[in-house]
Amino acid sequence: MMMYKKFFPILMLAALAFMAGACGSDDDTDDGGGNKEPEPTVYEYLTPGSDQRPDWKAPDYTLYGGITMAVQVQLGDTLAYYQSGGDLMCAKIDGEVRAVTPPQATGGVTYYPLSIAGDGTNMAVSLHYYCDQLHRLFTINNWAVFDPSAKPTGENSMYRPRFTSSY
């Protein structure tokens, strides 16, 4: 009888645990077989928008004394999945286009080589990316300070700005 008193509570706890697991949880989605999965998060910035493809024009480099800051940029966030040949990347200083390029690919790596025109130092560079598949324009204000001596690929690898970090 003593053994039954010790065994019965353990048996009841095991039965409760089994029943809780068999009943499942009340998630949002039912796959038809009784199994429920949570709804995936769809971020607004990854849904198609209505932005028109910008008409950015390459600057006249002679107006800036031939001083440039060369950088190679890769998309460093979820936008890389949506990039296509119709995309554009642009660098601006004081709202003026100082570099523009479509994507390039070398060895399976897609990147945007920008040669940013400048007429001095310590100017804030903003970076703009147009995603053709999403019809959206993404911007990073004050992305970098104009520096003609900057390494084109950054300190360790290509620059990978996160256009979606503000969302």
Selection from the stretch 64-86 of residues of a type in the set (Gly, Ala, Ser) and assigned to a helix (DSSP H, G or I) yields Ala80
Would you mind finding the one in Gln74, Gln52 that is open to solvent by 80 Å² or more (accessible area, probe 1.4 Å), closer than 30 Å to Phe138 by Cβ and modelled with pLDDT of 80 or more? Gln52
Looking at the stretch 116-150 only, could you name the residues that are touching a residue at least 12 places away in the same chain (Cβ under 8 Å), out of contact with any Pro (no Cβ under 9 Å at 6 or more places or on another chain) and polar (S, T, N, Q)? Asn122, Ser126, Thr139, Asn141, Asn142
Considering residues that are part of a strand (DSSP E or B) and within 27 Å of Leu46 (Cα to Cα), the number found within the stretch 99-153 is 28
When you check Ser84 against the structure, is it out of contact with any Ser or Thr (no Cβ under 9 Å at 6 or more places or on another chain), of a type outside the set (A, V, I, L, M, F, W, C) and either surrounded by 13 or more Cβ atoms within 10 Å (Cβ to Cβ) or at pLDDT below 90 (or both), yes or no? no
Which residue pairs have Cβ atoms closer than 7 Å, lie 6 or more positions apart in sequence or on different chains, and pair a first residue in the stretch 84-102 that is touching a residue at least 60 places away in the same chain (Cβ under 8 Å) with a second residue that is surrounded by fewer than 21 Cβ atoms within 10 Å (Cβ to Cβ) and in a strand (DSSP E or B)? none
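The values are calculated or read from the model by the stated rules, or taken from the named source; none is laboratory data. Just so it is clear, the model here is predicted, and its values are computed rather than measured. Cβ atoms come from the backbone with ideal geometry, glycine included; neighbour counts cover every protein chain shown. The protein model used for the area step is the full one, side chains on, heavy atoms only, and it has no ligands, DNA or RNA in it. Shrake-Rupley method; radii C 1.70, N 1.55, O 1.52, S 1.80 Å.
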